[in-house]
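Working notes for the structure below.
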Amino acid sequence: MGARRRGIPKEPALLAAAAENPGGSVAEIDARYLDDPNGYVPPEAIRGAWLVDSNGKLTGEYEENPHHGVPQDDFSKLTDPDHWLGWLGDDPAAAVRMGIEESLRAQVADAVVEWVKILETPRFLTGMRRHSEDDDQIMLVTRAALAAPFALSVHAAQHGRSILLGVFSWAAVNLAPPGVRRDRHWFDLGAGLDWAGERLEERIYEIDGEDSTAER
């Protein structure tokens with residue numbers, strides 16, 4: 001949608017933000033969906049943006065955000081990459097969302113996840129072995145893990161709404177018979193993807209105590 005002319009607002013904070021962004025724009029945020037306007041802002045919480053001229057003055061032109069509204073889940077960065085996620089079941093996005101919500105409810109029993117957005121392509125780790133000594137063509141997946149950076153909104157009766165950033169990691173072992181499958185989650189608030197990705201291998205072997213040199 002193109003820019004529309006509007007009366008230039010007189011809000012001091014908006015005018016100050018424009019002065020700091022000459023030639024750019026200043027977003028108008030819908031505070032109903034935030035706990036901290038200076039923290040992570042989901043795209044749907046942006047009502048629109050005021051255009052700023054080269055002198056840092058509002059032009060009176062306003063671009064509405066056609067996607068403004070209640071923030072929604074976005075797992076496209078998890079599901080779009082061409083990476084096998086069969087170990088997460090038929091709906092990987094739903095499985096990861098459930099894992100995130102379970103991690104939060106382990107800390108706050110009545111936590112309700114309002115929305116989750118995967119912010120970057122996760123780091124993946126997959127371990128395999130040959131189906132048999134006589135068949136080099138068929139490989140069985142024995143281990144799998146991922147580390148997914150997220151932003152999410154969670155609501156609890158005592159704490160109200162909080163928007164959290166971090167990395168959710170999930171590792172599973174014994175995916176091929178005859179072992180009994182084991183899964184573990186890690187919920188690292190404030191962590192970065194590089195940090196969590198570097199720990200995937202050690203975490204996947206933590207689950208059953210195997211040496212990290214075995215069955216790569």
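The values are calculated or read from the model by the stated rules, or taken from the named source; none is laboratory data. Being a predicted model, the structure only gives us computed values, none of them experimental. Backbone-built Cβ (ideal geometry, glycine too); neighbour counts: all protein chains shown. The accessibility values were calculated without ligands, DNA or RNA, using every heavy atom of the protein model including side chains. Shrake-Rupley method; radii C 1.70, N 1.55, O 1.52, S 1.80 Å.
Key figures for this structure:
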read-out: Options A13, A3; residue that is farther than 20 Å from L165 by Cβ, at pLDDT below 95, surrounded by fewer than 12 Cβ atoms within 10 Å (Cβ to Cβ) and small (G, A, S); value: A13
read-out: Total residues in region 87-115, condition charged (D, E, K, R), closer than 22 Å to Y33 by Cβ and not in a helix (DSSP H, G or I); value: 2
read-out: Qualifying residue in region 180-189 (condition: within 28 Å of L34 (Cβ to Cβ), in contact with a Phe, Trp or Tyr (Cβ under 7 Å, 6 or more places away or on another chain) and open to solvent by less than 50 Å² (accessible area, probe 1.4 Å)); value: yes
read-out: Residues of region 156-178 that turn out to be modelled with pLDDT under 95 and open to solvent by 40 Å² or more (accessible area, probe 1.4 Å), as a count; value: 8
read-out: Filter pass, A151 being at pLDDT 95 or above and under 20 Å from D183 (Cβ atoms); value: no
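The rows are residues; the columns are (1) at positive phi; (2) surrounded by fewer than 15 Cβ atoms within 10 Å (Cβ to Cβ); (3) touching a Leu at 6+ places or on another chain (Cβ under 7 Å).
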position: Y62; (1), (2), (3): no, no, no
position: G69; (1), (2), (3): yes, yes, no
position: Q72; (1), (2), (3): no, yes, no
position: W84; (1), (2), (3): no, yes, no
position: L88; (1), (2), (3): no, no, no
position: R105; (1), (2), (3): no, no, no
position: L119; (1), (2), (3): no, no, no
